[in-house]
Amino acid sequence: MSALPVSPPKALTAYRPFWAKRFGPAPFLPMSRAEMEQLGWDSCDIIIVTGDAYVDHASFGMAVIGRTLEAQGFRVGIIAQPDWNSADAFKALGKPNLFFGVAAGNMDSMINRYTADRKIRSDDAYTPGGEGGKRPDRATLVYTQRCQEAFKDVPIVIGGIEASLRRIAHYDYWQDKVRRSVLVDSKADLLVYGNAERAIVEIAHRLARREPIEALTDVRGTAFMRRDNDPTAEGWFELDSTEVDRPGRIDELISPYQIIEENKACASNDDGAKPIKIHKTGRIAMPPRERTVVRLPAYETVKSDPVLYAHANRVLHLETNPGNARALVQRHGERDLWINPPPIPLTTPEMDHVFDLPYARAPHPSYADETGGHDGATKIPAWEMIRFSVNIMRGCFGGCTFCSITEHEGRIIQSRSEDSVIREIEEMRDKVKGFTGIVSDLGGPTANMYRIGCKSPEIEAACRKPSCVYPGICPNLNTSHDPLIKMYRRARALPGVKKILIGSGLRYDLAVQSPEYVKELVTHHVGGYLKIAPEHTENGPLSKMMKPGIGSYDRFKQMFEAASAAAGKKQYLIPYFIAAHPGTSDEDMMNLAVWLKKNGFRADQVQTFYPSPMATATAMYHSGKNPLKGISRDETRGESVDIVRGERRRRLHKAFLRYHDANNWPMLREALKAMGRADLIGNGKHHLIPSYQPVTDGSYESARRKNSTPTKPAAKAATPRKGQLLTQHTGLPPRVTGASRNSAPRPGKPGKR
């Protein structure tokens with residue numbers, strides 16, 4: 001079924017400003033009554049509660065939403081990392097006139113707090129000093145409850161990535177069960193998912209016009225609870241998808257309660273269903289998408305039926321294109337959870353508007369140390385990471401099944417203009433304390449998707465593919481890197497800019513389509529190391545990840561090395577891999593380990609698969625089924641997925657990635673013998689692990705040392721012998737920093753994927 005054109009939404013800058021616009025922008029959004037008084041405010045119109053420390057920078061969600069609402073004329077206050085043990089901290093700014101906006105922070109609070117092995121992290125990158133424990137588990141639920149206790153009659157809108165990824169019934173890795181939508185558990189009034197500027201601006205203006213929040217049922221990118229016999233539900237056609245769908249499209253699924261005859265269709269008078277037209281060809285003429293809602297299996301069903309859970313996940317991901325997505329509904333007890341279609345992506349002028357807002361580009365002054373700065377004991381690690389970086393785009397059309405970017409930001413790339421990016425670099429150069437002339441990153445979710453998208457708006461609006469680059473690059477995808485190359489050249493020519501590095505992850509299968517881009521990148525924008533993420537070498541796990549084959553990596557590596565040699569530079573690729581991903585066999589990990597040794601890589605930082613809420617790979621983990629293909633209870637039709645469960649097997653897969661660690665050798669010897677590959681045990685160069693066993697302490701220290709869990713007290717580290725290299729991947733030369741030749745090289749900073 002072809003998609004109907006979506007009417008253009010109201011531009012962010014087209015609203016008449018709220019009357020409080022007269023107060024003008026605040027240096028920082030206030031976090032106390034004293035700051036409000038200095039601004040001349042008697043109250044806040046909107047109060048944002050967040051689990052992160054308040055950093056007034058466009059990489060922090062609370063700052064983006066707060067400044068966007070401020071630009072609309074609203075007075076916005078921030079309550080950051082409040083003490084959740086009582087409602088007192090939530091009363092600090094008084095009662096908001098319009099609503100509370102609640103978010104757990106830039107990360108899901110459970111992923112922020114726990115490792116992939118469900119062990120508590122001792123640090124938090126979004127807290128001053130990196131201190132852990134400053135936010136509760138399931139922060140959205142806790143904060144919402146405290147807001148309700150503080151002011152019972154104030155509407156509450158939840159958002160951020162935690163709410164976004166938990167908007168439907170979802171598998172929760174930490175409890176190993178399916179939980180209800182976070183909207184149901186929190187009892188909030190409205191949930192905003194994805195990048196929320198468009199939705200939150202509309203909500204604020206409509207509430208300011210005294211519309212009740214219960215009436216806001218037509219805002220894209222929102223979810224709400226709807227009771228039976230709701231008059232606002234009139235005129236909708238419900239498409240039943242509560243059972244496992246047939247392989248392929250779900251467009252032609254209709255309600256099993258419909259009575260269909262040749263050339264006509266009618267419904268019984270008592271079930272409320274609407275008639276369906278049938279063409280002479282026999283194909284069903286579906287109602288308009290904008291008035292169609294797809295009913296997913298109820299929470300009470302999917303919580304005990306993994307196959308239906310996988311089916312619901314499949315349907316959800318098929319309804320994520322803003323150009324053709326239909327509303328979704330899922331029963332939770334006596335009420336329906338209603339999820340409106342995703343928000344329409346921001347245009348380039350709207351992206352410029354959001355990023356050109358008057359951000360202070362610094363943490364709130366209340367976090368300053370004894371010197372009045374933010375570089376001492378109160379330094380916020382996440383801010384330090386992005387302090388001298390510039391975000392140039394949003395979204396990702398890669399569709400990697402383990403990643404949450406597509407579910408949250410969407411697969412349509414939203415790019416800023418070149419002028420807007422250049423203005424931000426100049427402002428950072430002129431105003432940000434500590435800038436040395438080095439821009440740490442020009443990127444986003446992916447470094448090289450800037451201004452890349454579908455060649456045809458009509459095809460883009462109708463497409464239901466989960467990825468534009470898997471199993472191969474779509475022929476309709478414009479892969480030109482010319483706008484990015486032009487921006488790089490203009491940016492590095494700015495006075496006062498010495499170097500521009502690219503720190504975001506690179507999509508190398510796209511990069512090889514533009515040899516000129518690879519040359520530009522390698523010659524001017526790599527600081528010795530470039531991180532990329534092949535994730536695996538074997539087709540089994542790669543097909544479940546929707547990642548390209550290792551051949552794409554090999555082609556990029558050849559181009560990278562050739563360009564480095566031509567530039568007279570010694571530069572190195574840092575590949576990242578995932579252990580224990582669904583669809584990964586023990587043999588797959590063994591083959592990956594052999595590949596790593598053959599290519600001279602010794603990975604210090606090991607990434608184990610982490611089942612985040614709503615991800616496709618998480619549905620595989622929970623159900624043992626592959627939602628990328630048709631779900632079926634018939635084993636001959638559906639595809640089952642090998643799931644790596646249990647601590648021992650997960651440890652084995654991690655051990656293969658760290659084949660060079662003597663602590664792992666006993667486990668690996670046992671596994672290789674059981675797999676019939678004892679030929680990989682020996683003392684030659686072609687062997688994976690040696691036959692001898694040195695004395696070890698059994699401990700492991702990760703790249704994030706605070707999160708390590710030694711099994712025994714760690715032995716005192718031996719003094720490095722002369723010539724030994726202490727890098728992220730031992731065996732690679734250290735980054736040249738101009739430091740003394742006698743000083744030990746610093747370990748490479750672990751990348752953030």
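Do you know which of the residues in the range 105-149 that are in contact (Cβ under 8 Å) with a residue 12 or more places away in the chain and assigned to a strand (DSSP E or B) is farthest from LEU165 (Cα to Cα)?
Selected residue: ASP123.
Restricting the range 292-318 to residues that are charged (D, E, K, R) and in contact with a strand residue (DSSP E or B) (Cβ under 6 Å, 6 or more places away or on another chain), which is farthest from TYR193 (Cα to Cα)?
Step by step, filter the range 292-318, then rank; the result is LYS303.
Please state which one of ASP153, ASP176, ASP117 is on the phi > 0 side of the Ramachandran plot and either open to solvent by 40 Å² or more (accessible area, probe 1.4 Å) or among the aliphatic types (A, V, I, L, M) (or both). First the steps, then the outcome.
Values: ASP153 fails: on the phi > 0 side of the Ramachandran plot; ASP117 fails: on the phi > 0 side of the Ramachandran plot.
Just a single option satisfies the conditions, and that option is ASP176.
Is the range 186-197 home to any residue that is outside any loop (DSSP other than H, G, I, E, B) and open to solvent by 20 Å² or more (accessible area, probe 1.4 Å)? Steps first, answer last, please.
Of the range 186-197, the ones outside any loop (DSSP other than H, G, I, E, B) are 186, 190-192, 197.
Restricting the remaining residues to those that are open to solvent by 20 Å² or more (accessible area, probe 1.4 Å) gives none.
Looking through the range 186-197, none of the residues is outside any loop (DSSP other than H, G, I, E, B) and open to solvent by 20 Å² or more (accessible area, probe 1.4 Å).
Going by the structure shown, is ILE213 β-branched (Val, Ile, Thr) and either open to solvent by 40 Å² or more (accessible area, probe 1.4 Å) or touching a helix residue (DSSP H, G or I) at 6+ places or on another chain (Cβ under 6 Å) (or both)?
Working: β-branched (Val, Ile, Thr): yes; either open to solvent by 40 Å² or more (accessible area, probe 1.4 Å) or touching a helix residue (DSSP H, G or I) at 6+ places or on another chain (Cβ under 6 Å) (or both): no.
Answer is no for this residue.
Which of the residues that make up the range 489-509 are small (Gly, Ala, Ser) and under 21 Å from PRO445 (Cα atoms)?
To start, the set of residues in the range 489-509 that are small (Gly, Ala, Ser) comprises 491, 493, 496, 503-505.
Residues satisfying the conditions are ALA491, GLY503, SER504, GLY505.
Residue under question is LYS557, and the condition is that it be free of Cβ contacts under 8 Å to residues at least 60 places away in the same chain and either open to solvent by 30 Å² or more (accessible area, probe 1.4 Å) or under 30 Å from ARG167 (Cα atoms) (or both); does it hold?
Yes; evaluated as a whole, the condition is true for this residue.
Residue under question is LEU316, and the condition is that it be among the hydrophobic types (A, V, I, L, M, F, W, C), open to solvent by less than 20 Å² (accessible area, probe 1.4 Å), within 13 Å of TYR299 (Cβ to Cβ) and in contact (Cβ under 8 Å) with a residue 24 or more places away in the chain; does it hold? Break it down stepwise before answering.
On the way: among the hydrophobic types (A, V, I, L, M, F, W, C): yes; open to solvent by less than 20 Å² (accessible area, probe 1.4 Å): yes; within 13 Å of TYR299 (Cβ to Cβ): no; in contact (Cβ under 8 Å) with a residue 24 or more places away in the chain: yes.
No; evaluated as a whole, the condition is false for this residue.
Scan the range 496-518 and tell me whether some residue there is open to solvent by 30 Å² or more (accessible area, probe 1.4 Å) and among the aliphatic types (A, V, I, L, M).
Looking for residues that are open to solvent by 30 Å² or more (accessible area, probe 1.4 Å) and among the aliphatic types (A, V, I, L, M), one finds at least one in the range 496-518, hence yes.
Kindly list the number of the only condition in (1) at pLDDT 95 or above; (2) part of a loop (DSSP other than H, G, I, E, B); (3) open to solvent by less than 20 Å² (accessible area, probe 1.4 Å); (4) closer than 19 Å to PRO534 by Cβ that fails for PRO611.
(4)
For the range 377-455, which helices (runs of 4 or more DSSP H) that fit wholly inside it have 3 or more residues that are more than 16 Å from the chain's Cα centre (by Cα) and in contact (Cβ under 8 Å) with a residue 60 or more places away in the chain? Working first, answer last.
Numbers: elements: 381-386, 405-409, 418-431.
In the range 377-455, the matching helices (runs of 4 or more DSSP H) lie at 381-386, 418-431.
So if I check each of ILE500, ILE485, which one is in contact with a His (Cβ under 8 Å, 6 or more places away or on another chain), aliphatic (A, V, I, L, M) and within 24 Å of ARG416 (Cα to Cα)? Give the derivation first.
Numbers: ILE485 fails: in contact with a His (Cβ under 8 Å, 6 or more places away or on another chain).
The unique qualifying residue is ILE500.
Look through PHE90, PHE60 and report the one residue that is farther than 20 Å from GLU131 by Cβ and either of a type in the set (Phe, Trp, Tyr) or at pLDDT below 95 (or both).
Sole residue among the options that is farther than 20 Å from GLU131 by Cβ and either of a type in the set (Phe, Trp, Tyr) or at pLDDT below 95 (or both): PHE90.
So, in the range 396-440, exactly how many residues are at positive phi, open to solvent by less than 30 Å² (accessible area, probe 1.4 Å) and out of contact with any Pro (no Cβ under 7 Å at 6 or more places or on another chain)?
Going residue by residue through the range 396-440, those that are at positive phi are 399, 410, 434, 437.
Checking the rest, the ones that are also open to solvent by less than 30 Å² (accessible area, probe 1.4 Å) come to 399, 410, 437.
Next, from what is left, pick out any that are out of contact with any Pro (no Cβ under 7 Å at 6 or more places or on another chain): 437.
So the answer is 1.
Kindly indicate whether TYR470 is in a helix (DSSP H, G or I), at negative phi and among the aromatic types (Phe, Trp, Tyr). Show your work before the answer.
Details: in a helix (DSSP H, G or I): no; at negative phi: yes; among the aromatic types (Phe, Trp, Tyr): yes.
Here the answer is no, as TYR470 does not meet what is asked.
Of the residues that make up the range 545-560, is at least one under 30 Å from GLN175 (Cβ atoms) and in a helix (DSSP H, G or I)? Step through it out loud before you land on a result.
Of the residues in the range 545-560, the ones under 30 Å from GLN175 (Cβ atoms) are 545-547.
Still in the list and also in a helix (DSSP H, G or I): 545.
Checked against the condition, which is being under 30 Å from GLN175 (Cβ atoms) and in a helix (DSSP H, G or I), the range 545-560 yields at least one hit.
Look through the range 288-313, keep the residues that are among the hydrophobic types (A, V, I, L, M, F, W, C) and open to solvent by less than 10 Å² (accessible area, probe 1.4 Å), and return whichever of them is farthest from CYS468 (Cα to Cα).
Pass one, the range 288-313, residues among the hydrophobic types (A, V, I, L, M, F, W, C): 293-294, 296, 298, 302, 307-308, 310, 312.
After this cut, where a residue has to be open to solvent by less than 10 Å² (accessible area, probe 1.4 Å) as well, the list is 293-294, 296, 302, 308, 310, 312.
Values: VAL293: 26, VAL294: 24, LEU296: 26, VAL302: 29, LEU308: 27, ALA310: 22, ALA312: 22 Å.
Checking each candidate, the answer is VAL302.
Please tell me if THR222 is out of contact with any helix residue (DSSP H, G or I) (no Cβ under 7 Å at 6 or more places or on another chain), polar (S, T, N, Q), farther than 25 Å from ALA20 by Cα and surrounded by 12 or more Cβ atoms within 10 Å (Cβ to Cβ). Show your work before the answer.
On the way: out of contact with any helix residue (DSSP H, G or I) (no Cβ under 7 Å at 6 or more places or on another chain): no; polar (S, T, N, Q): yes; farther than 25 Å from ALA20 by Cα: yes; surrounded by 12 or more Cβ atoms within 10 Å (Cβ to Cβ): yes.
No: the conditions fail for THR222.
Quick one: ILE158 ticks every box in (1) crowded, with 18+ Cβ neighbours inside 10 Å; (2) outside any strand (DSSP E or B) except a single one, so which number is it?
(2)
To keep it simple, each residue is scored yes or no on (1) within 21 Å of CYS403 (Cα to Cα); (2) modelled with pLDDT under 95.
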{"residue": "PRO582", "(1), (2)": "yes, no"}
{"residue": "ASP586", "(1), (2)": "no, no"}
{"residue": "TRP595", "(1), (2)": "no, no"}
{"residue": "ARG602", "(1), (2)": "no, yes"}
{"residue": "THR616", "(1), (2)": "yes, no"}
{"residue": "HIS622", "(1), (2)": "yes, no"}
{"residue": "LYS629", "(1), (2)": "yes, yes"}
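Which of the residues that make up the range 6-27 are crowded, with 19+ Cβ neighbours inside 10 Å and either of a type outside the set (A, V, I, L, M, F, W, C) or within 22 Å of PRO365 (Cα to Cα) (or both)?
Once the filter is applied, which keeps residues that are crowded, with 19+ Cβ neighbours inside 10 Å and either of a type outside the set (A, V, I, L, M, F, W, C) or within 22 Å of PRO365 (Cα to Cα) (or both), the range 6-27 yields only ALA26.
Looking at the structure I just gave you, is ASP117 over 30 Å from TRP19 (Cα atoms) and modelled with pLDDT under 95? I'd like the intermediate steps shown before the answer.
Working: over 30 Å from TRP19 (Cα atoms): yes; modelled with pLDDT under 95: yes.
The answer is yes for ASP117.
(1) among the polar types (S, T, N, Q); (2) surrounded by fewer than 22 Cβ atoms within 10 Å (Cβ to Cβ); (3) modelled with pLDDT under 95: which one isn't true of ASN478, the others all being true?
It fails just one condition, (3).
Looking only at the range 560-581, which residues are surrounded by fewer than 19 Cβ atoms within 10 Å (Cβ to Cβ) and closer than 21 Å to ASN539 by Cα?
Within the range 560-581, TYR576 is the sole residue that qualifies.
Residues are listed down the side, and each one gets a yes or a no for (1) in a loop (DSSP other than H, G, I, E, B); (2) open to solvent by 50 Å² or more (accessible area, probe 1.4 Å); (3) of a type in the set (Ser, Thr, Tyr); (4) under 30 Å from PRO306 (Cα atoms):
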residue: ARG645; (1), (2), (3), (4): yes, yes, no, yes
residue: ARG649; (1), (2), (3), (4): no, yes, no, yes
residue: ASN663; (1), (2), (3), (4): no, no, no, no
residue: LEU672; (1), (2), (3), (4): no, no, no, no
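Looking at the range 355-366, which of its residues are more than 26 Å from PRO128 (Cβ to Cβ) and part of a helix (DSSP H, G or I)?
Of the range 355-366, the ones more than 26 Å from PRO128 (Cβ to Cβ) are 356.
Matches in the range 355-366: none.
The values are calculated or read from the model by the stated rules, or taken from the named source; none is laboratory data. Remember, predicted model here, so these are calculated numbers, not experimental data. Every residue, glycine as well, gets a Cβ built from its backbone with ideal geometry; the counts of neighbours run over all protein chains shown. Each accessible area value is taken on the protein alone, full model and side chains, heavy atoms only, with ligands, DNA and RNA left out. Shrake-Rupley method; radii C 1.70, N 1.55, O 1.52, S 1.80 Å.
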